[in-house]
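What follows is a short report on a single structure.
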Amino acid sequence: MSAPEPLPLAEARWLWRRLYVYAVSGLAWGLLAWAVGRAPVEALPVLAHGLMILLGITMVLYLVAPSAQQLVSLLAEMRLRLAAGGGR
């Protein structure tokens with residue numbers, strides 16, 4: 001009898017990443033509406049630049065960042081390679 005396959009981490013299904021991104025996006029939308037309504041006109045370019053940076057970071061986290069399961073696999077493989085003398 002072989003050992004059962006480990007269940008994939010919940011994060012690998014992107015559910016938690018989606019929830020995080022949707023929550024942050026909703027919060028950023030509300031912050032944008034509040035900030036633009038109260039900011040002086042001359043501060044709007046700086047405000048828009050900061051929000052574009054935040055949007056870029058959010059997109060990277062959602063689309064490109066490896067999942068926790070992928071990171072664990074990568075670290076395990078690195079550990080095996082280092083234990084074997086670093087060869088391929």
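Read-outs throughout are calculated quantities, based only on the coordinates presented, and are distinct from any laboratory measurement. No experiment lies behind these values; they were computed from the predicted model shown. Here Cβ is always computed from backbone atoms with ideal geometry, including for glycine, and neighbour counts include all displayed protein chains.
For the reader, a short list of remarks on this structure follows.
- Remark: spin-label model distance residue 52-residue 80 equals 4.5 nm, labels positioned 7 Å along the Cα→Cβ axis.
- Compactness of the stretch 33-72 - radius of gyration and Dmax, Cα, Å: 15.4, 47
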